[in-house]
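The values are calculated or read from the model by the stated rules, or taken from the named source; none is laboratory data. A quick note: this is a predicted structure, and the numbers were derived from the prediction, not measured. Note that we place each Cβ from the backbone using ideal geometry, even for glycine, and neighbour counts take in every protein chain shown.
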Amino acid sequence: MNSYDVVLIGGGIAGLMSAYKLCNIGLSVALVENKPVFAAGPSTRNEGWLHKGTYHATSIKNRQEAVQVAKRCIYGHEYIREFAPEALEDIDKRPLALLKDESRVDEVISRWNEAGVSFTPLTLSKARSLVPEADFTETKAIFAVDDVSLNTRLLYRKLINAAQKAGCVFYLGHEITAIEGQTLHLVSLSGDKAAIAGQRIVYSSGTGARDLFTRHHDHDIPIRYWKSHLIITPRLCAEGVFYLDPHQAAMMHHGDHSIVGFNEDALLSPCADYEVIHERAENIKRGIASIFPGWDSRNSVNIACVKVDLQTSLNCNRSLNVAIAEPVPGHILALPGKMTEAPFLTDKLVAYLHDAIDNASVAMRPCDEFRVLEKIA
């Protein structure tokens with residue numbers, strides 16, 4: 001049986017980035033993914049939007065939380081931009097952020113300034129010259145912002161290669177059949193069996209984490225599933241365009257195609273399936289048509305995406321915050337609120353595991369010695 005310092009479960013953005021970072025601090029790491037490919041879930045079923053805090057600083061009602069999430073997105077944006085600049089798309093263009101509700105303009109700008117979001121106000125004539133296909137009749141404020149489209153497959157390809165070079169061992173296409181203590185029993189798609197152990201097991205599997213804790217630990221994790229929808233269509237315009245108002249369309253472009261979502265579309269779902277809800281997809285189509293009256297909806301595809309959050313209280317709204325918890329000793333749950341928050345989450349996870357799996361060859365700081373004495377006492 002192979003033993004590792006850390007075993008990661010889930011080969012999406014959180015798992016792959018964690019694998020790379022944990023190997024780089026000298027830990028032995030294995031990553032288990034039950035699918036035959038990496039990032040088969042929400043990590044690739046999204047707009048491919050590398051956020052810069054623009055939207056979340058305004059969409060989250062609680063100002064303090066909104067600014068916090070925006071700052072984490074800015075941090076993640078800059079990290080990914082530096083790590084994989086080749087994965088950025090349309091870097092010579094700045095998307096347009098639109099606002100219909102004139103009464104919110106001052107609050108939006110105030111939040112952006114507090115969070116450090118970059119923006120440039122645009123005149124209506126300038127916006128029309130950039131996106132002549134769009135109807136800005138109801139738009140009261142327009143800003144050029146620094147959000148950018150991201151080729152997620154290229155980012156993950158680079159993360160996989162970097163993690164492998166750093167020493168991570170991948171168990172791709174391996175199902176977990178049993179968990180006994182810190183040992184995972186696996187079976188491959190071809191039927192081969194294996195057992196691996198880790199001092200710490202990290203569940204970065206997103207939608208699959210709740211089921212793993214229920215089946216193998218008899219422990220119910222308050223993870224919720226949120227279903228949203230996207231429309232894939234031939235490219236709508238040169239620049240990205242997204243509204244800041246609720247229940248409006250937001251899009252990013254990838255080559256010859258646009259991927260369009262709907263603000264605040266997430267619907268609480270009892271299970272993590274990708275079945276499209278027709279009415280929700282039609283809402284997005286109406287949103288697209290309101291911006292681009294000449295758009296032909298016939299050459300488009302509807303898809304669904306499911307994301308997760310950790311419920312912190314009864315009747316709470318969807319949380320976009322990262323979450324690290326250890327509901328079972330030695331078994332750690334790690335959830336990124338948004339893909340762009342993954343660098344922040346994985347930094348926190350590395351620090352958490354550094355404390356759990358110490359390296360005695362590095363001298364302790366006085367505060368570390370004090371903490372050890374506190375535990376003994």
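Residues that are of a type in the set (Lys, Arg) and touching a helix residue (DSSP H, G or I) at 6+ places or on another chain (Cβ under 8 Å) within the stretch 37-82 comprise Lys52, Arg63, Lys71, Arg72, listed in sequence order. For the stretch 25-66, residues that are more than 30 Å from Ser361 (Cα to Cα), crowded, with 20+ Cβ neighbours inside 10 Å and hydrophobic (A, V, I, L, M, F, W, C) total 7.
In the stretch 256-268, the residue that is nearest to the chain's Cα centre (by Cα) out of those that are closer than 21 Å to Tyr55 by Cα and assigned to a loop (DSSP other than H, G, I, E, B) is Ala266. For Thr233, the conditions (1) closer than 22 Å to Ala39 by Cβ; (2) part of a strand (DSSP E or B) are fulfilled apart from (1). Scanning the stretch 78-99 for residues that are closer than 23 Å to Ala249 by Cα and touching a strand residue (DSSP E or B) at 6+ places or on another chain (Cβ under 7 Å) yields Leu88, Glu89, Asp90, Ile91, Arg94, Pro95, Leu96, Ala97, Leu98, Leu99. Just one residue in the set Ala209, Ala127 is at pLDDT below 95, in contact with a strand residue (DSSP E or B) (Cβ under 7 Å, 6 or more places away or on another chain) and assigned to a helix (DSSP H, G or I); that residue is Ala209. Does His219 satisfy the criteria of being in contact with a Pro (Cβ under 7 Å, 6 or more places away or on another chain) and either in contact (Cβ under 8 Å) with a residue 40 or more places away in the chain or outside any loop (DSSP other than H, G, I, E, B) (or both)? It is true that His219 is in contact with a Pro (Cβ under 7 Å, 6 or more places away or on another chain) and either in contact (Cβ under 8 Å) with a residue 40 or more places away in the chain or outside any loop (DSSP other than H, G, I, E, B) (or both).
Tell me, which residue of the stretch 16-50 that is over 28 Å from Val260 (Cβ atoms) and among the small types (Gly, Ala, Ser) is nearest to the chain's Cα centre (by Cα)? Among those residues, the one meeting the criterion is Ser18. Within the stretch 105-122, take every residue that is under 19 Å from Arg63 (Cβ atoms) and over 27 Å from the mean Cα position of the chain (by Cα) and give me the one that is surrounded by the most Cβ atoms within 10 Å (Cβ to Cβ). Checking each candidate, the answer is Val105. Considering (1) farther than 23 Å from Met252 by Cβ; (2) in the same structural domain as Asp256 (by TED's automatic domain parsing), the lone condition that Arg280 does not fulfil carries the number (1). All of (1) under 30 Å from Phe38 (Cα atoms); (2) of a type in the set (A, V, I, L, M); (3) in a helix (DSSP H, G or I) hold for Val105 with one exception: (1). Regarding Val187, is this residue among the hydrophobic types (A, V, I, L, M, F, W, C), in contact with a Lys or Arg (Cβ under 9 Å, 6 or more places away or on another chain) and on the phi < 0 side of the Ramachandran plot? Yes, satisfied.
Listed conditions (1) under 16 Å from Lys93 (Cβ atoms); (2) in a loop (DSSP other than H, G, I, E, B) are all met by His253, apart from (2). For Val350, state whether it is part of a helix (DSSP H, G or I), within 17 Å of Ala19 (Cα to Cα), of a type outside the set (D, E, K, R) and not assigned by TED's automatic domain parsing to the domain that holds Ile80. Answer is yes for this residue.
If you go through the stretch 193-200 one residue at a time, do you hit one that is modelled with pLDDT of 95 or more, more than 30 Å from Asp92 (Cβ to Cβ), under 25 Å from the mean Cα position of the chain (by Cα) and assigned by TED's automatic domain parsing to the domain that holds Leu345?
Looking for residues that are modelled with pLDDT of 95 or more, more than 30 Å from Asp92 (Cβ to Cβ), under 25 Å from the mean Cα position of the chain (by Cα) and assigned by TED's automatic domain parsing to the domain that holds Leu345, one finds at least one in the stretch 193-200, hence yes.
From the list His254, His229, the lone residue that is on the phi < 0 side of the Ramachandran plot and surrounded by fewer than 22 Cβ atoms within 10 Å (Cβ to Cβ) is His254. The residue list Ala30, Ala57, Ala39 contains one member that is among the hydrophobic types (A, V, I, L, M, F, W, C), in contact (Cβ under 8 Å) with a residue 24 or more places away in the chain and assigned to a loop (DSSP other than H, G, I, E, B), which is Ala39.
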